[in-house]
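The values are calculated or read from the model by the stated rules, or taken from the named source; none is laboratory data. Please read all numbers here as calculations on a predicted model, not as lab measurements. Methodologically, a virtual Cβ is constructed for each residue, glycine included, from the backbone with ideal geometry; neighbour enumeration extends over all protein chains shown. Note: areas computed on protein heavy atoms with side chains; ligands, DNA, RNA excluded. Shrake-Rupley method; radii C 1.70, N 1.55, O 1.52, S 1.80 Å.
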Amino acid sequence: MSKTGTDRVKRGMAEMQKGGVIMDVVNAEQAKIAEEAGAVAVMALERVPSDIRAAGGVARMADPTIVEEVMNAVSIPVMAKARIGHIVEARVLESLGVDYIDESEVLTPADEIYHINKTDYTVPFVCGCRDIGEAVRRIGEGASMLRTKGEPGTGNIVEAVRHMRKVQSQIREIVGLSEDELMVYAKETGAPFELLKEIKSEGRLPVVNFAAGGIATPSDAALMMQLGADGVFVGSGIFKSENPAKFARSIVEATTHYDDYKLIGELSKGLGTAMKGIEMSTLTPADRMQDRSK
Amino acid sequence: MTKIGVLGLQGAVREHVRSLEACGAEAVVIKRKEQLEEVEGLILPGGESTTMRRLIDKYDFLDALKNFGQSGKPMFGTCAGLILLAKEIGSISTGHLELMDIKAERNAFGRQRESFEADIDLKGIAEGFNAVFIRAPYILETGDDVEILATYYDKIVAAQQDHYLACAFHPELTDDHRFTQHFVDMVKQSQKKLASL
């Protein structure tokens, strides 16, 4: 008797991605560059986040033609984004055979209150989080992998750092709480109690947590690893840089050897210009993708 | 205590470390080829084989890993690690380390939605072993001195050739450490054998 779509199979898939870089791509050619550079997976999109920002309007699931084109081009896993709460986009992506769905705030949410009940699906989901409450609620809904949100498409690491530090410090806080303090903590953070108990006893989240949203250089990637990320998502940072293949390779290496500063120094030499970033204070509240879900 | 390395370039490294420790061995995460001298056996973990191969090449690991195996020290490849050990890989015919006389097929059971867990019997090692297959490969053909340890619907999913052990699934993802224990025992035996040479 074999069972598909179990927690172990879905979470295990993310475990295999650890220490790796997942890259946003918009066509087969970029997917091949990413695979060649050593990406552990690619995220097939119609536009990278910085272009979504520039284009404005409503951002939706990618055209399935693009997703299929990318799936046919590479042998590494292919992920794709569905709008938050958009059950049908998620089912469509599942039927295409994508390996992971990102229920993502980078796209315009379809539901401002409810996320998808991800336990219903055979395909695993990754979701964004800014703190332990969001992280544990998403796990409660069935997410098999997390990523801290950062602020997508900005090339500015500050929000990614804020969110990773927050989640990591809250995990340490939970470990230090007594059992009788845990219920109030659950109430205050809106995190399901049973999952908090599990975090307390294991000393870590029950799923893999990557960093995302603003990683633009090898040093950025290494920084997120040092802050406790299991791996990194790089969206606009690669294909909006001057030399995508070189940036991609360098970010992969810096993620593996995140505490080898001499190597990261070498990797950073003559890389060319990174993507042009955005200062956070210039974003209006409506520009902040991270605030689109809770 | 027996020291066993886990290749730590990418993938499920922490889980193998935990499993080795549960079997009473000391685990060392190997990120530099010089570290291979410290250990008596090596696990090649699951992850993305293309990513691992790129990092192996980048850090000049390939010959060091081949020499490690050829010196008689045991190696255990799980999932992507099986791909690395194989002499041949499906359609592309050449392999990576090419240490074990098996022909492997990547992602042979399909994509992630086809990933599954099932109870299998590991010949002489464990019955009713919960095996987790994630975008898993399987073994298409084996050489004459390769012992087949497990099949799933006629597909070869675990095998051993002397001091090389390989499986298509992830023994590190469950709390059943019997297969890892088998590898730890292989390393202990080889330590004795190599010491007496």
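Assorted remarks:
- Single condition B:Glu98 does not satisfy, out of (1) under 22 Å from A:Thr122 (Cα atoms); (2) open to solvent by 30 Å² or more (accessible area, probe 1.4 Å); (3) not polar (S, T, N, Q): (1)
- Restricting attention to the stretch A:218-238, the residues being over 18 Å from A:Arg147 (Cβ atoms) and either within 13 Å of another protein chain (Cβ to nearest Cβ) or surrounded by fewer than 24 Cβ atoms within 10 Å (Cβ to Cβ) (or both) number 1.
- Flag for A:Ile101 being among the β-branched types (Val, Ile, Thr), in contact with a strand residue (DSSP E or B) (Cβ under 9 Å, 6 or more places away or on another chain), within 14 Å of another protein chain (Cβ to nearest Cβ) and in contact (Cβ under 8 Å) with a residue 24 or more places away in the chain: yes
- Helices (runs of 4 or more DSSP H) contained in the stretch B:18-117 and holding at least 1 residues closer than 25 Å to A:Met23 by Cα and touching a helix residue (DSSP H, G or I) at 6+ places or on another chain (Cβ under 8 Å): B:49-58, B:80-85
- Members of the stretch A:82-97 that are open to solvent by less than 10 Å² (accessible area, probe 1.4 Å) and either within 18 Å of A:Ser50 (Cα to Cα) or within 14 Å of chain B (Cβ to nearest Cβ) (or both): A:Ala82, A:Ala90, A:Leu93, A:Gly97
- Checked against the criterion of being touching a helix residue (DSSP H, G or I) at 6+ places or on another chain (Cβ under 8 Å), in a loop (DSSP other than H, G, I, E, B), hydrophobic (A, V, I, L, M, F, W, C) and within 17 Å of A:Val161 (Cβ to Cβ), the candidates A:Ala221, A:Ala216, A:Ala254 yield just one match: A:Ala216.
The rows are residues; the columns are (1) under 13 Å from the mean Cα position of the chain (by Cα); (2) open to solvent by less than 50 Å² (accessible area, probe 1.4 Å); (3) within 14 Å of chain B (Cβ to nearest Cβ); (4) more than 22 Å from A:His257 (Cα to Cα).
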residue	(1), (2), (3), (4)
A:Asp7	no, no, yes, yes
A:Glu15	no, yes, yes, no
A:Val21	yes, yes, yes, no
A:Gly38	no, yes, yes, no
A:Val48	no, yes, no, yes
A:Asp51	no, no, no, yes
A:Gly56	no, yes, no, yes
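- Search result, residues across the stretch B:6-55 that are among the β-branched types (Val, Ile, Thr) and either under 28 Å from A:Ala31 (Cα atoms) or modelled with pLDDT under 95 (or both): B:Val13, B:Thr50, B:Thr51
- Residue in the stretch B:164-174 that is part of a strand (DSSP E or B), within 14 Å of another protein chain (Cβ to nearest Cβ) and open to solvent by 20 Å² or more (accessible area, probe 1.4 Å) present: no
- Counting residues in the stretch A:98-109 that are open to solvent by 10 Å² or more (accessible area, probe 1.4 Å) and under 30 Å from A:Lys246 (Cβ atoms) gives zero.
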